[in-house]
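Take a look at the structure set out below.
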Amino acid sequence: MNTPLIKTNAKDLFFRAALCYLAHDDMVGARRAIQNYKIDDANFDDSRELELLNVRIGISISIGHYDCS
């Protein structure tokens, strides 16, 4: 995170990487990655992208619980 280009694109890259985890139904991997992203970039913690990812993970977990019952 030392170069200005990486700093400006980090949020987008982190968001896309987390979407890849979700596309593979890897909720554990997505949560771990998101925690690391929040540590790497403090701006990611307050972003709309993170909010969307959290909603998506919550929906997936809810659907998973519904399908199992």
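The values are calculated or read from the model by the stated rules, or taken from the named source; none is laboratory data. In this text, all values refer to a predicted model and were calculated from it rather than measured experimentally. Using ideal geometry, Cβ is built from the backbone for each residue, glycine included, and neighbour counts are taken over all protein chains shown.
Candidates Ala18, Ala33, Ala23, Ala42: the one that is hydrophobic (A, V, I, L, M, F, W, C), on the phi < 0 side of the Ramachandran plot and touching a Leu at 6+ places or on another chain (Cβ under 6 Å) is Ala18.
Residue check: Met1 meets all listed conditions (1) of a type in the set (A, V, I, L, M); (2) modelled with pLDDT under 90; (3) assigned to a helix (DSSP H, G or I) but one, namely (3).
Using the structure shown, decide if Asp46 is in contact (Cβ under 8 Å) with a residue 24 or more places away in the chain and more than 10 Å from the chain's Cα centre (by Cα). Here the answer is no, as Asp46 does not meet what is asked.
Considering only residues that are touching a residue at least 40 places away in the same chain (Cβ under 8 Å) and either surrounded by 14 or more Cβ atoms within 10 Å (Cβ to Cβ) or touching a His at 6+ places or on another chain (Cβ under 6 Å) (or both), which ones fall in region 1-43? Passing the criteria: only Asp41.
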